[in-house]
Amino acid sequence: MSTICQSGRITRPVDRPTRLLWHGAESVPIEESGRLFIIHSHKEYFGGVLMMPNAVFRRLNGYSNGYWGWGYEDVDLRVRCEAEEMELGYRDGTYQPIRHASRGYKTDGTRSDENRANRARCSHNSAAIRMRHAHHEEGLNSLQFEILERGAILDDEGQPYPYVERVLVKI
C-alpha cells in the first residue's frame, strides 16, 4: 500500500488508481502568461497527479510508450483501468506544479499537431484495449531505457526534496 503525506500528516493508504485533486486542476494555463486555459471537467478528469500501488501499476502494464509530446497518456491509463475493471479513486490534495508552456494547444486555443496525433493514437489504442486487452502487449513490459544520470531535485532553498529523485534516461 502507498501512503501520501499532506502537510506533515500521513493519510490513509491508496488501494486503487487515485487521482489527486489540487486547486486549479480544472483550469490549466496553455501558455506561461496564464491568459489562456484548458478547462477540465472536475468530475471526469483523470490525469495530472495520479497515485496507485506498484502492483496495480504493473497489472495495468504502466503507461503506454506510444505517446510523444503532449496529451492523452492519462486517458489511455484510464481505459486500461476500466479494462481491468478497477474502481477509480479521487482524493483532495496539493502539490507544487511545474509551470510550463503547453505543447498540446496553440496560443489561439486550437489543438497542436502533437495533441491531434496523440488523440488519434488514443482512440485507436482504446478500441484495441477494449477488444483484446492490448495494454498487456505494450507498456512496462516493452519499455527499454538506459539510465544516464541520477540526482536529487532541489527546492527553492537548495535542499533536496525527500523521497524524490531526478532520473535522466535514454529511450
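We did not get these values from a lab; they are worked out from the coordinates using the rules stated. Computed from a prediction, not measured in an experiment: that's the story for all the values here. Note that we place each Cβ from the backbone using ideal geometry, even for glycine, and neighbour counts take in every protein chain shown.
Things to note:
- Using the Cβ-Cβ distance between LEU168 and TRP68 with R0 set to 22 Å, the FRET efficiency from 1/(1 + (r/R0)^6) comes to roughly 0.80.
- The protection proxy used here, the mean number of other Cβ atoms lying within 10 Å of each residue, ranks peptides 102-114, 152-164 as follows, highest first: 102-114, 152-164.
- Simple spin-label estimate for GLU137 and ASP15 gives 3.4 nm between the two label positions (7 Å along the Cα-to-Cβ direction from each Cα).
- Extension gain, GLN159 to GLU85, is 22.5 nm, computed as 0.36 nm per intervening residue step minus the present C-alpha separation.
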